[in-house]
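The values are calculated or read from the model by the stated rules, or taken from the named source; none is laboratory data. Computed from a predicted model, the values in this text were never measured in an experiment. Virtual Cβ from ideal backbone geometry, glycine too; neighbours counted across all protein chains shown. The accessibility values were calculated without ligands, DNA or RNA, using every heavy atom of the protein model including side chains. Shrake-Rupley method; radii C 1.70, N 1.55, O 1.52, S 1.80 Å.
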Amino acid sequence: MAISRNIAHITTRIGDFLTGAQGDRSGALSVLNDILGPLPAPEHPSMLENRAEDAGMLPVIRAWQEHDQNPPTDESTIHALFRPAEIERFSTQTGLSEPAAMNILREMLPMAIRHRAVTAQASRSAQQVQ
């Protein structure tokens, strides 16, 4: 059984390499935004903000929201902020293996959180002008 698992893992890694899955970002941001749900608002924190607060990680989210250049996060942070079914959904909908999906999530999440915060702020500012 361990041999077949190793063969499956190696085959998946080869497939990710041959298809360029590790570097593919097309559609991944859309899937991530769909999983994250509505943009955060002062009176309506996002799903991710609520989970981060429950996990004692809200300062991490706030730092991502405030800084343009954020390094990739670690796998344990992804697991703390997303349910296994959401990670599987990201993998399935992007067509990536779970290891490739995890690598992309680690890189994209901090940037996506920053982008969502900037977009939410711009939206609130535009509404105040009207």
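What you get for segment 34-82, charging only the Cβ of Lys and Arg (+1) and of Asp and Glu (-1), is a dipole of about 40 debye around the Cα centre.
Sorting SER30, SER125, SER91 on solvent-accessible area from highest to lowest, probe radius 1.4 Å, gives SER30, SER125, SER91. Counting only protein heavy atoms and a 1.4 Å probe, segment 39-129 has 56 square angstrom of accessible area per residue. Using a 1.4 Å probe on the protein heavy atoms, what percent of the accessible area of segment 24-130 belongs to carbon and sulfur? Accessible surface attributable to carbon and sulfur in segment 24-130 totals 52 percent.
In terms of accessible area, using a 1.4 Å probe and ignoring ligands and nucleic acids, GLU75, GLU43, GLU86 rank largest first as GLU43, GLU75, GLU86.
In this rough spin-label picture, where each label sits 7 Å from Cα along the Cβ direction, the HIS79-ALA41 distance is 3.6 nm.
The label point for SER123 and the one for ASN50, both projected 7 Å from the Cα toward the Cβ, are 1.6 nm apart.
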